[in-house]
Amino acid sequence: MFTYTVRRLLLAIPTLLFISLIIFLLLDLAPGDPTAQLPLTIPPEVREKIRESLGLGQPVYVRYLLWLKQFLVAEPLHVFDTMFGTGFADGMQRVISWQTRSPVADIIAQRMPQTLWVVGLSYVIGTLIALPIGIISAYRQYSWFDQIGALVSMIGYSVPTFFTGVLLIVVFAVNLGWFPSIYDTTHVVDSWDAFVFQVRQMAMPVFVLALYNAAQISRFMRASMLDNLAQDYVRTARAKGMSEKVVVLLHVLRNSMIPVVTVIALGVPTIFGGAIITEQVFKVNGLGQLLITAIYANDIPMVQTLTFIFAVLIVLFNLIADVLYGMLDPRIRYD
Amino acid sequence: MRFRTALLGAVALTALTGAASAERGSDGQVNIIYWQAPSILNPFLSGGTKEVESASLVIEPLVRFDETGEMVPWLAESIPTVENGGVAEDLTKITWTLKEGVLWSDGTPLTAEDAVFTWEYCTHPEGGCAQSSYFDGVSSVVAVDDRTIEVNFAAPKPFPYTAFVGSESPIIQKAQFADCLGAKAPECTEANFAPIGTGPFVVTDFRPNDVVQFAANENFREAGKPAFATVLFKGGGDATAAARSVMETGEFDYAWNLQIDPNVLSSMEAKGLGKVVTAFATSVERIHVNQTDPNPSLGAERATLAHPHPFLTDPTIGQALSMAIDRSLIADVGYGAGGQPTCNVLPAPAAYASTANDGCLVQDIEGAKKLLDDAGWVPGPDGVRVKDGVRLSLTYQTSTNAVRQDTQALVKQWWSEIGVETELRNIDASVFFGGDPGSPDTFQKFYADVEMYTNNFAGVDPEAYMANWRCSEIPSPETQWQGSNMQRFCSEEYDALVDKMSQTANLEERGALAKQMNDMLMQSYSIIPLIHRGNPSAHAVTLEGVRMNDWDSEIWNIKDWSRAK
Amino acid sequence: MTEPTAAAPLSDPANRPPRNQWWDVLDQFRTHRGALIGAIVFIVMVATVLLGPWVWSIDPTYIDIRARNQGPTFAHPLGTDQLGRDMLARMMAGGKVSIAVGFTAMLLSLFLGTLIGLLAGYFKNLDGPLMRFTDLFLALPLLPLLLVMVMLFREALSARFGPETGVFILIVVAIGITSWMQTARIVRGDVLALKEREFVLAARSIGTPSRRMILRHILPNVMSPVMVSATLGIANAIITESALSFLGLGFPPDFPTWGRLLFDAVDYLQQYPSRVIWPGLAISLTVLSVNYMGDGLRDALDPRIRGR
C-alpha cells in the first residue's frame, strides 16, 4: 500500500499539470471579457487598452506558462519569505487578480475563515448526523424512522438551497428576528457574547447546508448497509452468538463504508469550493462567492488559481479514499 | 458587534470637542449595502459603478453634479465659464482654482500638482485606465501655481467640463501614487485598496468583493462633517436581499440598485422601516432593430452591412412594432416608480429632450395592423404576416434579468397580435455585454433581429453619446466587432450633424442639434425606446440627508447624511 | 413448449412452465408498498403533464395582464403569475420539460457513471486512466464549461435537430456529462471490493468471460448505490436545468420549467407563497416517487430479498 501511495503521488504531478492546462484552455475558450461588467459609457478603445494592460494581448501559451511560473515559483517563495523573513521572491510577479489588481493568494487567505466556519462545519455536522440516520434507517428498514428519514432527506435534497435559504431568512430573520440576515465577515470572536453572535449568524447557513449534505450521505449509508445486512457473513456472525451491536457496528458498518467514504472524499474538496448559492443567499462572501464573482467578471487568474487548488484537493482526497478502501477491506489490492 | 460599538463610542467621545449642534462623528455608524461589492477602491483601474461609488467617499473631483444635473463646485472654488474668463474664448483652455486650505486625509495640502499627476496617471499608455476618455482631447494639464490648474485642449472643446468632473474623474494624491504609473499600477495594492483622499471618510479596512470599513476623515474641510463616525460598506447577495435588509430587518441603512418587481418593493416599503428613492438621469431601456441580416447561412458576412436586413430596414415595420407596445404597462409591471415610458433615446437633460415623438406613448394595435396591411404585409394561415415569401418572424435577445424577461414576454404577445412572430432568447449578462469576438452571443455581434438593453451617458453632455450612431461606429469583423452602433444605422446626414455638434459651443444650438439627431434615429425606427429608467435605492427612515442622484455617485453627499434624533 | 393440459395442474411447481425471472422481479416490485405508491404517483404526474394540456387548454405563455397576481379562482385553479399567466398551465408545461430533462439527463449520467465505474473497478489497467479522467472532470469549473458548450454546439444542434430538440439534447448532454463522476467513483469503489469476493472468484474459475462477469455478477451487486444516485440525480438535473436557462443555455425565457418557476417565485415568497409551493411540491414529489421506485426496484432485483 505504501509503494502504491508513493506511486500515485508521483503520478499526481503530471496529472495535475495536465488538468491545469485543460482548465486554462477552457477558461480561455469560454466566451467572456474582463471588461463586460463595466458601464457601457466606457468606450471600446478604452476597453481594448484595459485588456492589453491585463496581458490579454499575449498568446495563450505565454499566458499559461506565466501563470504556471507565478503559481508554482513566485507564490511558494513568497510564503517562504513571509515565514522566514528572506527575500527570494523580491521583484517576482505573483498571481494577480484582474478585478482587484492584488495577489490572488491574499484574497483566498482572507476568505478561508468564513468558508471553513460555515461550509466546513456544516459538512462535519451533516456527516455526523447522516451516519447514524443511515444506519438506523437500514437496520429498521420500513419503520416509521426510516420513512421519515427518507421523506426529510429527499425534501432536503430536492428543494434547492436558493429557496430554503430565503425561507429561513423570511421566517427567522424577518418575522422572528432571531438571526441576522447578513453575515458579518469582519466579526471577531473575542468574548462570550461575540461567540454567541457568531453562532447566531452561522445558524441558518449551517443548517441549510448540513441538511443538504446529510440527505445525500444518509441515503448512501442506508443503501450500503442494506446490501450488507443481507449477506451470509452477518448470519454467520449472529449464529456465532455475537451481540447485535458488534455485528452491526463492527462488521456490517465496516463493510458498508466504501460508498460512504467515496462520497465523503468527494465532498471534502467542495468545502474549499465553498457553497456558491448558500453563501450568496446569506451574504457569507466566502470562497464560493469569490469564485462565482470571478467567473462573472472573467477574472481568469483568480478562477484558474481557485480551480487548480480545488483540483489538487480532489486528486488528494480521491487518493485518500483509495487508501481507505484498502484499510476497510484488506482484500482490495492495487498492485 | 460589541467591540465595534465600543470603538464608535470612543470615536464619538474624541469628537465631542467642537460645537454642540453638529459634531463630526456624533451619529455613530451608517451601514450601506451594495449587493455587488467593490473589488478595488481605485476607480481608474476598474470603471465599475460599485468601485466608483464606494471610492467617492474618499476621493473627490473638482466638480460634482447634483440631483438635478447641475454642476456644483466641489474641490474647485467656482465653475469656470467663458463669461467669467475661466474658459478661453477659443475654447481650448479651462482654468480651475482649488478651494483654499483643502487637506488630504494624511494632513498634507492638496495642490494643483496632484491634478497634473492624476492626468499623467490616467493617460499613461500602459496603465489601462478605465476613465481615460475623460481626458480625450486634453493636450496638457499644467499647474500654474499651487491652487490653479490649467487644462489645455488640442482642439476647441465646446463642453470642457470633462477632466476632473464627476465621480468618475476624481483627483488622486501624487505622493501616494507616484510609483504606480503605467504597468506598475496593479502592483500598488495598498494604494489601490486605501487611496488617500480629500473626502469625508478614510478607508480603515478593505476586503475585496466583500466589505469596506471607513472612518470619518479628521482633516475634512467642512467643520462638523461628516456626522457619521464610521461607515460599513457591505457587498454580496442580491437586490431583493439588500432591499430586505433595509426595509424589513433594519440591519442596514442604505441599499443600492434595487431593480426588482415594484410590487415586492412597495410591499416591503409598507413595513415602514425604509423608503425607496429613485433618481433619473439618462438611462433608457431600448430595443435595437438590426438593419443587417443575421441569417446564419451568411457565414462570416452575417450581420454585416454587406447584407441589409430583409424587412427591418423598412421604417414602416419598425413603426408598427413600436406602436404595438404599451410602454406604460411595461413601466407598471417591471419598473414601478423606477421607470417612465419614453419615446426618445435621449430623454434628458431637459434641454436635449425632444417632444416630437411622443405619439408612441399610447399603444395603437389597430394602427399598427393598418400600417402593415397598407404596406402589403398580409396575415398567412398561421397568423404571421407575409409579403413576397418573407415572413415577419423575429428573434429577440437580451441579457438574463427577471424584469427583461417579463418585458420580452409582454412584447412578444403584442407583436403576435399584429401578426409578427417572435422567438425569445436570453443570454447571460457577462457574455452578452462582453466584447469577446469569439462568442456569437455578444450584443455587438447582434446575431438576432432585435435586442434589448439599457444604455446611458455619463455626465450631462450628450455629444459623445450621439456620436455612437455614426457609420464608422458600426461593429464588423474588420473592427473585431468593436463599436457602439449596434443596430448598424448609417446616414451621411446624421454623421454631418455629429460633426457639427462637435464644433458648436452655444448650448441652445447644441440642444437643437441633439434633438434633431434623436428625432432622426427615432424616425428611422432602428431604435425603439421603451423606458426612461431611474435608479431605485432604499434608505432607512432614520437616515436623513439622502439626495438621490443619478448624475454622479448616488452617495455623493454622504458628508451631509445624519441620523434622525 | 406445448400447450398446458388439464392433467398437469399449474399449482404443482414441477409442472409450471419455466418462468422468466423478470416476472419474479415484477411480483416482488408489486408487493413493495412504497414502490407501488411511488409508481402510481409518478404515473399520475406524468399523465397529468402529458394529457393535462388537452383538458386544460390555456396557453402557458398567454399573458392576461388584468388577471395578474391572482390567487386560486375558478378560472385559474392555481392562480396566476406576475404577468397574469395561468399557473396550472405553466405547471403542466413546465413538468413536461422538467420530467423529460430530469429523467433523460439522469439516465445518461447514470449510464456514463456506471460504465466508467465498472470498467475502472474491474480492469486493473483501465483504473488509472479512467480515474484520472474522472478527477479532471471533477475539477473542471462548471460554468465556463457550460458556456463553452453553448458557444460551440448550440447553433450546430439547432440547425441539425431544430431549435427545441437541439436545446433539449444540449441540456441533457450538458447535465449528463457534468454529473456522472460521483456515480463512477462509487461504483468503482464497490467493484474493487466485490471482485475479491468468493462468488466472483468461483465464477471466474469456471471461465466466465469478462462481459458476462460484469453484467451478471458485478452489476446486480452495485445496484443499490446506483439507485440512490438515480434519485439524487433526478433532483439535481431538474434544478440544474433552471440554472442553465439563466446562462442562456436553456429553453427560451418564456418557456416554463419547474426549476425556473421555483426560482422566479422565490422573490414573491412573502406576497404569494403558493407560487413557490406548487413547483417545490412537484419537484419533491417526483424525487420522492423515484426514490421509492428505486427502493422497490433494488429489493426486487435482489434475489436474497425476493420471496422473503
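Laid out as a table, the results:
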{"read-out": "Mean ellipticity per residue at 222 nm, deg cm²/dmol - from DSSP H runs of n ≥ 4 across the protein assembly as shown, formula -39500 (n - 2.57)", "value": "-15000 deg cm²/dmol"}
{"read-out": "Shape box of the stretch C:151-268 [Cα atoms, principal axes, largest first, Å]", "value": "60, 38, 18"}
{"read-out": "Shape metrics for the stretch B:322-481, restricted to C-alpha atoms - Rg then Dmax, Å", "value": "17.4, 51"}
{"read-out": "Of every Cα-Cα pair in chain B, the percent that sits beyond 45 Å", "value": "20 percent"}
{"read-out": "Distribution of pairwise C-alpha distances over the stretch A:107-328, 10 Å bins, in %", "value": "8, 27, 30, 22, 10, 3, 0"}
{"read-out": "Ellipsoid semi-axes in whole angstrom, largest first, where each is sqrt(5λ) of the Cα gyration tensor of the protein assembly as shown", "value": "56, 38, 28"}
{"read-out": "Average silhouette area of the stretch A:63-212, convex hull of alpha-carbon atoms, in square nanometres", "value": "14.4 nm²"}
{"read-out": "Over the stretch B:3-237, volume per residue of the alpha carbon convex hull, in Å³", "value": "133 Å³"}
{"read-out": "Mean Cα-pair separation over length for the stretch B:342-440, i.e. relative contact order, pairs under 8 Å, 6 or more apart, %", "value": "22 percent"}
{"read-out": "Distance in nm between pseudo-label sites at C:Leu107 and A:Phe84 (7 Å out along the Cβ direction from Cα)", "value": "6.1 nm"}
{"read-out": "Chymotrypsin sites (Phe, Trp or Tyr not before Pro) within the stretch A:1-101, DSSP loop, no more than 16 other Cβ atoms inside 10 Å", "value": "A:Phe88"}
{"read-out": "Between helix B:507-524 and chain B: long-axis angle, C-alpha atoms, 0 to 90°, nearest 10", "value": "40 degrees"}
{"read-out": "Pairwise Cα inverse-distance average, inverted: Kirkwood Rh of chain C (Å)", "value": "22.2 Å"}
{"read-out": "The stretch B:409-565: C-alpha pair distances exceeding 28 Å, %", "value": "41 percent"}
{"read-out": "Stokes-Einstein D in µm²/s, Kirkwood radius over Cα pairs - the stretch C:37-103 at 37 °C with 0.692 mPa s viscosity", "value": "264 µm²/s"}
{"read-out": "Length-normalised contact order for the stretch B:230-301 - Cα pairs under 8 Å, 6+ apart - percent", "value": "25 percent"}
{"read-out": "P(r) tail fraction, the stretch B:307-391 - alpha-carbon pairs more than 17 Å apart, %", "value": "59 percent"}
{"read-out": "Where chymotrypsin sites (Phe, Trp or Tyr not before Pro) fall in DSSP loop in the stretch B:63-133, at most 15 other Cβ within 10 Å", "value": "none"}
{"read-out": "At least 24 Å along the helix axis (C-alpha) and Kyte average at least 0.5, DSSP helices within chain A", "value": "A:2-29, A:121-139, A:192-229, A:253-273, A:300-328"}
{"read-out": "Pairs beyond 23 Å (Cα-Cα), from A:Lys49/B:Lys500; B:Lys234/B:Lys559; A:Lys69/B:Lys184; B:Lys370/B:Lys412; B:Lys50/B:Lys412; B:Lys99/B:Lys174", "value": "A:Lys49/B:Lys500; B:Lys50/B:Lys412"}
{"read-out": "Value of relative contact order over chain C, rounded to a whole percent, pairs C-alpha under 8 Å and six or more apart", "value": "26 percent"}
{"read-out": "Enclosed volume per residue, in Å³, of the convex hull spanned by Cα atoms of the stretch A:187-285", "value": "131 Å³"}
{"read-out": "Neighbour cut-off at most 15 other Cβ (10 Å), DSSP loop, trypsin sites (Lys or Arg not before Pro), the stretch A:235-335", "value": "A:Lys240, A:Arg331, A:Arg333"}
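Taken together, the values in this text are just the output of simple stated rules run on the coordinates, not laboratory data. Only a predicted model underlies this, so the values are computations on that prediction, with no experimental measurement involved. Ideal geometry is used to build each Cβ from the backbone, glycine not excepted, and the neighbour counts take in all protein chains shown.
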